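This report refers to the structure that appears directly beneath it.
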Amino acid sequence: MTVRVLLVDDQPLVRSGLRVLMADHPGLEVVGEAATGLEAVRLTTELRPDVVVMDIRMPGMDGIEATRLITSGPTPARVLILTTFDEDEHVYGALRAGASGFVVKDMALDDILAAVRVVAAGDALLAPGVTRRLIADFAGQPARAARGRSAAVAEGITEREREVLTLVGRGRSNTEIAEDLFITVATAKSHVSRLLTKLGARDRVQLVITAYEAGLVSPSG
């Protein structure tokens, strides 16, 4: 299956580099390019890509607002945020807007391509260090909001599912969750799938956010 990709970045050199890179890899097809968030929203509707590789900082409509419109629109695509992590203060906002993954521009090119495939397959991906940024963001959130979310989560999931959600919030993979809870990987995957359904989460990224909002994982770890 060919993954149709829309590249969104205000730097032509970045878009050109990614296009050339993807052209050399079977299964990836760049169907369009955009330099602004507004263009990204329009082209997503017109071209119907599977994945939008989205920068955050762009003139006019930024990547966060564009992500929100794309993921909630009539022809939603999965959004992979690609930006300069160390300088970007909007990781949390991008994920809350509906992004399915977050990678940084200084990652190895093969890792970026792998991220596109992971997101296209319906999974979610966070680059190393993103969880730390989420922790920092949640450290500044009002405790009242976390308590309210915690109560809502407590009413809707089982104790075992709460344990799994906590481990997802700590960045554990299904294999690691299985090891921690002494269950099979298939069972761990089943628990994660049920959490996605019960909590109305789009993907694993949103489960991480929910775990922090619910207070199941604290900024101190």
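Answer yes or no as to whether ALA146 is modelled with pLDDT under 80 and either part of a helix (DSSP H, G or I) or crowded, with 17+ Cβ neighbours inside 10 Å (or both). Considered against the rule, which asks whether it is modelled with pLDDT under 80 and either part of a helix (DSSP H, G or I) or crowded, with 17+ Cβ neighbours inside 10 Å (or both), ALA146 comes out as yes. Taking the conditions (1) more than 25 Å from ARG172 (Cβ to Cβ); (2) at pLDDT 80 or above; (3) buried (at least 16 other Cβ atoms within 10 Å of the Cβ) in turn, PRO59 satisfies each one other than (3). Only a single criterion out of (1) touching a Ser or Thr at 6+ places or on another chain (Cβ under 8 Å); (2) under 22 Å from ALA97 (Cβ atoms); (3) free of Cβ contacts under 8 Å to residues at least 60 places away in the same chain is not satisfied by ALA178, namely (2). Filtering the stretch 1-15 to residues that are closer than 17 Å to VAL51 by Cα and of a type outside the set (A, V, I, L, M) leaves THR2, ARG4, ASP9, ARG15. Considering only residues in the stretch 11-28 that are among the charged types (D, E, K, R) and more than 21 Å from the chain's Cα centre (by Cα), the one that is nearest to ILE70 (Cα to Cα) turns out to be ARG19. Residue check: ILE81 meets all listed conditions (1) in a strand (DSSP E or B); (2) at pLDDT below 85; (3) of a type in the set (A, V, I, L, M, F, W, C) but one, namely (2).
Just one residue in the set ILE183, ILE209, ILE177 is on the phi < 0 side of the Ramachandran plot and assigned to a loop (DSSP other than H, G, I, E, B); that residue is ILE183.
Among the residues of the stretch 1-42, none is identified as of a type in the set (S, T, N, Q) and part of a strand (DSSP E or B). Among all residues of the stretch 29-48, there is none that is in contact with a Phe, Trp or Tyr (Cβ under 7 Å, 6 or more places away or on another chain) and surrounded by 21 or more Cβ atoms within 10 Å (Cβ to Cβ).
Go through the residues of the stretch 154-168 one by one and say whether even a single one is loosely packed, with under 14 Cβ neighbours inside 10 Å, modelled with pLDDT under 90 and hydrophobic (A, V, I, L, M, F, W, C). Yes, the conditions are met somewhere in the stretch 154-168.
Taken over the stretch 14-62, the criterion of being farther than 25 Å from MET1 by Cα and without any contact (Cβ under 8 Å) to a residue 40 or more places away in the chain is satisfied by ALA35, THR36, GLY37, LEU38, GLU39, ILE56, GLY60, MET61, ASP62. Considered as a group, the residues in the stretch 184-217 that are hydroxyl-bearing (Ser, Thr, Tyr) and within 18 Å of ARG96 (Cα to Cα) include one that is modelled with the lowest pLDDT, and that residue is TYR212. Just one of (1) in a loop (DSSP other than H, G, I, E, B); (2) in contact (Cβ under 8 Å) with a residue 60 or more places away in the chain; (3) polar (S, T, N, Q) fails for THR71. It is (1). One residue stands out among those in the stretch 39-56 that are in contact with a helix residue (DSSP H, G or I) (Cβ under 7 Å, 6 or more places away or on another chain) and among the charged types (D, E, K, R): the one that is farthest from VAL14 (Cα to Cα), which is ASP50.
The values are calculated or read from the model by the stated rules, or taken from the named source; none is laboratory data. The structure displayed is predicted, hence computed values, not measured ones. Cβ sites come from the backbone with ideal geometry, for glycine too, and all protein chains shown count toward neighbours.
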